[in-house]
Amino acid sequence: MARAVKQAVPPGTRIVLGSGAGIGGLDRFLEAVDTVIVGSHVKVDGDAARRPDPLRAKAFIEHAAERGLV
């Protein structure tokens, strides 16, 4: 889906991933998106209603940095 969006918009248009940006799903979107919005993935137990989990956030940031997103 993200690749189809990338192909459908004018060149230079930034594509933002607003869901699914967890460690397990990030790699499959990398070639098609420019920016990710991270929410529940970095919360305690991955629950959007819970507080941020510093360890989950750190792991995500390290994962993203290894892929050149940070």
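Taking the criterion of being touching a residue at least 24 places away in the same chain (Cβ under 8 Å) and within 25 Å of Pro10 (Cα to Cα), the residues of region 29-66 that qualify are Phe29, Leu30, Glu31, Ala32, Val33, Val36. Limited to region 1-28, what total is found for residues that are out of contact with any Phe, Trp or Tyr (no Cβ under 7 Å at 6 or more places or on another chain), hydrophobic (A, V, I, L, M, F, W, C) and open to solvent by 40 Å² or more (accessible area, probe 1.4 Å)? Looking only at that region, the number is 6. When restricted to residues that are within 11 Å of the chain's Cα centre (by Cα) and part of a loop (DSSP other than H, G, I, E, B), region 19-66 contains 10.
Only a single criterion out of (1) surrounded by 11 or more Cβ atoms within 10 Å (Cβ to Cβ); (2) over 27 Å from Ala4 (Cβ atoms) is not satisfied by Gly39, namely (2).
The values are calculated or read from the model by the stated rules, or taken from the named source; none is laboratory data. Predicted, not measured: the structure shown is a model, and the values here were computed from it. Every residue, glycine among them, receives a Cβ derived from its backbone with ideal geometry; neighbour counts consider all protein chains shown. When the accessible area is computed, the model is the full protein with side chains, heavy atoms only, and any ligands, DNA or RNA have been set aside. Shrake-Rupley method; radii C 1.70, N 1.55, O 1.52, S 1.80 Å.
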